[in-house]
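Encoded as structure tokens, the structure appears first; notes follow it.
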Amino acid sequence: MVETGRAPCGLAAFGGELWVGVYEAGTVLRLDRAGNVRRRHRVGRWACQIAVDARAAWVTRDNANEVVRIDRGSGTFARLRVASPLGIALAAGSAWVTSFETGSVTRIDARTRRVTRRWQVGDNPTGVTFCDGKVWVGHGRSAMWLTSIDPRTGRATRYDVGAPTPRWPRCIEGELWVTTEESVLRLSPRTGQLRGQIALGGTPAEAGLARSAIGGVPAIWVTDKERSIVHRVDPGSGDVVDSFPAGPGALAQARFGGSVWISSFAGSDVRRYDP
């Protein structure tokens with residue numbers, strides 16, 4: 001367990017570092033594999049979701065209406081105005097940012113830091129991921145669809161998933177796993193076809209950032225923010241293999257250094273679990 005300050009939010013692992021956005025403390029932490037804080041960037045309150053590549057880390061600050069780009073080498077900041085940013089992903093040479101309140105997705109050139117396009121995708125876009133050559137966007141509140149955007153053509157397509165609030169899509173080994181209000185969905189990223197829905201209850205938060213083996217069978221980990229637990233799901237049968245306690249408000253997860261790290265959004269730490 002590593003103390004972070006209040007409300008650790010998003011996690012991203014890259015290049016031997018685990019990046020942690022700490023929402024209330026307004027910091028971005030860089031941890032090594034042993035959990036030591038190697039560097040602390042003070043970006044301002046509401047630091048949350050993070051995406052990292054070889055050049056920089058990109059951090060959303062929803063209530064500040066900005067995305068902060070942190071140069072990995074120098075640690076210098078660039079602040080970009082984006083309305084109510086929530087989810088962020090790096091793909092096709094760009095940062096893709098969802099804006100919850102404005103119903104839009106913004107594409108930012110990762111090199112020049114200039115906005116190249118915006119799409120109106122409908123109510124309350126949330127999480128975003130890259131899968132099968134397309135950017136996939138989740139939606140909150142009363143939405144029952146996902147949106148895909150083709151980076152080459154700019155075409156946006158809506159897919160009805162038949163379940164409310166498909167908020168956080170994640171790409172696992174070529175498939176989409178999406179947490180909803182009380183379940184997790186499994187979809188084809190090529191067709192958008194629903195391949196399965198697994199009822200979990202509670203408030204599922206993130207899936208698809210970690211896999212482990214249970215009795216030789218791969219398992220998908222799903223955090224539950226409301227109940228502060230993690231579910232492990234057999235992707236073949238769709239059965240919940242087991243659930244175990246995690247930190248308060250278990251939210252984001254990242255596989256890092258052979259372990260799974262989970263943020264405690266209702267607490268003040270990130271915790272390491274060995275599959």
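The values are calculated or read from the model by the stated rules, or taken from the named source; none is laboratory data. Everything quoted here is computed from the prediction, not taken from an experiment. Note that each Cβ is placed from the backbone with ideal geometry, even for glycine, and that neighbours are counted across all protein chains shown. Heads up: the accessible areas ignore ligands, DNA and RNA and are worked out on the full protein's heavy atoms, side chains in. Shrake-Rupley method; radii C 1.70, N 1.55, O 1.52, S 1.80 Å.
When the Cα gyration tensor is reduced to axis lengths a ≥ b ≥ c, the ratio a/c is 1.5 or higher for region 213-267, and with a/b not above b/c it is classed as oblate.
Working from the Cα coordinates of region 113-214, the gyration tensor eigenvalues give, after taking √(5λ), semi-axes of 22, 16, 12 Å in decreasing order. Net length available on complete extension from residue 1 to residue 42 is 12.6 nm, with 0.36 nm assigned per residue and the Cα-Cα distance removed. Here region 128-185 and region 1-51 have alpha carbon centers that stand 26 Å from each other.
Got a number for carbon plus sulfur as a percent of the chain's accessible area, 1.4 Å probe? Kindly include the intermediate steps, with their values, before the conclusion.
Values: 4900 of 11070 Å².
Summing carbon and sulfur atoms, their accessible area is 44 percent of the total for the chain.
At a probe radius of 1.4 angstrom, the accessible area of the chain per residue rounds to 40 square angstrom. With unit charges on the beta carbon (Lys/Arg positive, Asp/Glu negative), name the residue among 8, 148, 29 whose Cα is farthest towards the positive pole of the charge dipole of the chain. My answer, from the dipole projection, is 29. Extents of region 136-275, largest first, come to 41, 33, 28 Å (Cα atoms, principal axes, whole angstrom).
Magnitude of the Cβ-charge dipole of the chain, K/R +1 and D/E -1, about the Cα centre, nearest 20 debye? Don't skip to the answer; put the middle values down first.
Details: 37 positive and 26 negative charges, 248 e Å.
The calculation lands at about 1200 debye.
Here the dipole of region 1-150 is about 540 debye; that uses its Cα centre as origin and unit charges on the Cβ of Lys and Arg (positive) and Asp and Glu (negative).
Taking only the alpha carbons of the chain, we obtain Rg and Dmax values of 17.2, 48 Å in that order.
With a ≥ b ≥ c taken as the square roots of the eigenvalues of the C-alpha gyration tensor of region 47-102, please select rounded if a/c is under 1.5 and otherwise prolate if a/b is larger than b/c or oblate if it is not?
It is oblate, given that a/c is not under 1.5 and a/b is not larger than b/c.
In region 92-159, a dipole from Cβ-located charges (positive for Lys and Arg, negative for Asp and Glu) runs towards its positive end, and of 96, 127, 139 it is 96 whose Cα lies farthest in that direction. Of the Cα atoms belonging to region 73-135, the radius of gyration and Dmax stand at 11.9, 38 Å.
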